[in-house]
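Peer 1: Please see the structure below; I have some questions.
The values are calculated or read from the model by the stated rules, or taken from the named source; none is laboratory data. Predicted, not measured: the structure shown is a model, and the values here were computed from it. Reconstructed Cβ throughout: ideal geometry from the backbone, glycine too, with neighbour counts over all protein chains shown.
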Amino acid sequence: MNNIKQIVNQFEKALLNFDKIEANRLLLAHVDEYGPAELINKIVVQALKRIGDSWQNGSLALSQIYMSGRICEQLVDELLPPASNQRRNQPKMAIAVLNDYHFLGKRIIYSQIRSAGFEVIDYGRKTVNELVEAICNDGIEVIFISTLMYPSALDIKLVVEKLEKERAKVKVLVGGAPFNMDKKLWQQVGADAMGTDGNEALNWVNKMMEEKDERNDIA
Ligand code: B12
């Protein structure tokens, strides 16, 4: 039987050959065994991490990372259902990439939260001012921010400061490579929490919903 390491190896090879059909075949062959979310975390994310490392040590070209990212975006779109039928009674939520052009993490978090039955507005990519304006205009109560570049991660501090100035009542959950590398960074940028994957984002939303229910019960 295939173990997960072998599948990651094969998947990585397919990506580097720009072979979307083989990459898709590999995922579909194991989707019943792991389920879409687990499959993405165990295979797609791991393969892309390794590709990123190889790029960093100079053994891969930027085009290979780029195409791998694009192929994975399409595969993840196909794997995770757009939304569950039942919307939940929930805080108003949105998700955005701040400043940089790494979209895959946001896409995964977005799909996972939506497929668990929550409604989330996808803001795509925003600058600091654009994001603050959108949050205030839409009355967002929970914002998920994804950044993979360190400077973008630091810019979250500006977002939080501007939101405070506007007295926006919004919780900020952050994620992406800089937060995975430095476990205290989310506090330094003034976020309410960080998450390493879609499951953690979901757990956090569920915890917030429970707290909200408890407050409503007391009132
Ligand atoms: C693919 C990739 C690209 C692709 C992006 C394609 C696309 N459409 O997204 C392309 C080729 C375009 C690209 C470009 C660049 N990249 Co790049 N890229 C990567 C790479 C290899 C993988 C990123 C990825 O998609 N991972 C898979 C996804 C699923 O993982 P993820 O985003 O981390 O998301 C997971 C978690 O972090 C978390 N998460 C993410 N967001 C959120 C949000 C919330 C709320 C929560 C709870 C969780 C969460 O959940 C996700 C699922 O588990 C990383 C390497 C790495 N180690 O991350 C470098 C990396 C991010 N890139 C880097 C760099 C430097 C660049 C470039 C500047 C390269 C260049 N010289 O041109 C440009 C800059 C573009 C820009 N301005 O944004 C650096 C960033 C360094 C830094 N920290 O500042 C990295 C870390 C590579 C490296 N080791 O040097 N890149």
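Peer 1: Of all residues in the stretch 57-71, how many are closer than 18 Å to Pro36 by Cα and modelled with pLDDT of 85 or more?
Peer 2: Residues meeting the conditions: 1.
Peer 1: When you go through (1) touching a Gly at 6+ places or on another chain (Cβ under 9 Å); (2) within 11 Å of the ligand (Cβ to nearest atom) one by one for Asn99, which number turns out not to apply?
Peer 2: The number of the failed condition is (1).
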